[in-house]
1. Within the stretch 229-243, is even one residue on the phi < 0 side of the Ramachandran plot, of a type in the set (Gly, Ala, Ser) and outside any helix (DSSP H, G or I)?
2. For the stretch 138-148, indicate whether the set of residues that are acidic (Asp, Glu) and under 30 Å from Ala66 (Cβ atoms) is non-empty.
3. Could you check how many residues of the stretch 44-68 are open to solvent by less than 20 Å² (accessible area, probe 1.4 Å) and either at pLDDT below 95 or of a type outside the set (A, V, I, L, M) (or both)?
4. Here is a check on your reading of the model: is Val147 modelled with pLDDT of 95 or more, open to solvent by less than 30 Å² (accessible area, probe 1.4 Å) and part of a helix (DSSP H, G or I)?
5. Within the stretch 106-117, identify whether any single residue is free of Cβ contacts under 8 Å to residues at least 24 places away in the same chain, surrounded by fewer than 16 Cβ atoms within 10 Å (Cβ to Cβ) and part of a helix (DSSP H, G or I), and answer yes or no.
6. Restricting the search to the stretch 1-42, which residues are open to solvent by 10 Å² or more (accessible area, probe 1.4 Å) and among the aromatic types (Phe, Trp, Tyr)?
7. Out of the residues in the stretch 185-210 that are assigned to a helix (DSSP H, G or I) and open to solvent by 20 Å² or more (accessible area, probe 1.4 Å), state the one that is farthest from Trp141 (Cα to Cα).
8. State the number of residues belonging to the stretch 137-172 that are farther than 18 Å from Thr196 by Cβ and polar (S, T, N, Q).
Amino acid sequence: MSLKLQGIFVPIATAFDHAGIVYRAKLRHNIEKWNRTGLAGYVVMGSTGESVMLAAEEKVAIWEYAAEDTASDKLLIAGTGMESVRETVCLTNRAAELGYKAAMVRTPHYYKNLIQSSAAQALYFRAVADQSRIPIIIYNWPQTTGVDIPVDAVVALSEHPNVIAIKESSGNLEKVMQMIREVKQGFQVLVGSAPTLWPSLLMGACGAILAYANAAPYSVIAIWEAYRRREEEAGLDWQNRIGRPAWLVTARYGIPGLKYAMDLNGYYGGPPRLPLCPASSEARKEIEEAFRDLKG
């Protein structure tokens, strides 16, 4: 039976101390707080976890820590994408050994002029899925990678028995709609853009993996619950409320802004890892203003 991915997942931020070392106690603090919410599960070592800044052994340690602290009703997904098939498979199967139920794998992009075609992207994901012991979720975030996996590649990959979903973070509603329409039945489309959550759910997305949920999970869980209960007014109201704060801590100020919003809301954000710099005083002021009514 295929893994069901429904609801709101948080791609957890990595807690670092001021020396840039993984802060075990604060990671536990955050997970214990999220355990008490209606989040469906956690993505550990996604982009929000600053995974590109961490060594393989650090990633494995964080997967172990998160697995120890996660409540039994939360689904664990590992972010395992690397540039080569070999290294991605190696990390994915290590996560499988630690009890992770699926792997989220980003589009390879370093040699983008050679690998952004449908054929090259499909080859990469097929090769990973063939060798992976757990199901694969394609992760598309073209604003960061510079590679936008084409819909036809996703449609082709939806036929692979071990490729079960995509996290589509482009914010392109037209693309989300086309994917939902054309992929094989049972293939799941999750979105990664909080500012377009409500319309994406109405189009048929089965849920979302949202960086913003690190700081204010209740507000996006409220949108999911409004969708499930067909409470359109409540869903739209919450969507309008989160629009600006979600934009600030993702598109505008990114991880440093998100970590500051977490600090404001009773989670541990702490510093990002260099070369990312903490949010400026101007950014902090804007974030404080935007999150004023979204505390806790």
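The values are calculated or read from the model by the stated rules, or taken from the named source; none is laboratory data. On a predicted model such as this, the values are computed, not experimentally measured, just so you know. Virtual Cβ from ideal backbone geometry, glycine too; neighbours counted across all protein chains shown. Note: areas computed on protein heavy atoms with side chains; ligands, DNA, RNA excluded. Shrake-Rupley method; radii C 1.70, N 1.55, O 1.52, S 1.80 Å.
1. No, because not a single residue in the stretch 229-243 is on the phi < 0 side of the Ramachandran plot, of a type in the set (Gly, Ala, Ser) and outside any helix (DSSP H, G or I).
2. Yes, the conditions are met somewhere in the stretch 138-148.
3. 7
4. no
5. Checked the stretch 106-117: at least one residue is free of Cβ contacts under 8 Å to residues at least 24 places away in the same chain, surrounded by fewer than 16 Cβ atoms within 10 Å (Cβ to Cβ) and part of a helix (DSSP H, G or I).
6. Tyr23, the sole residue that qualifies.
7. The residue in question is Leu202.
8. The qualifying residues number 3.
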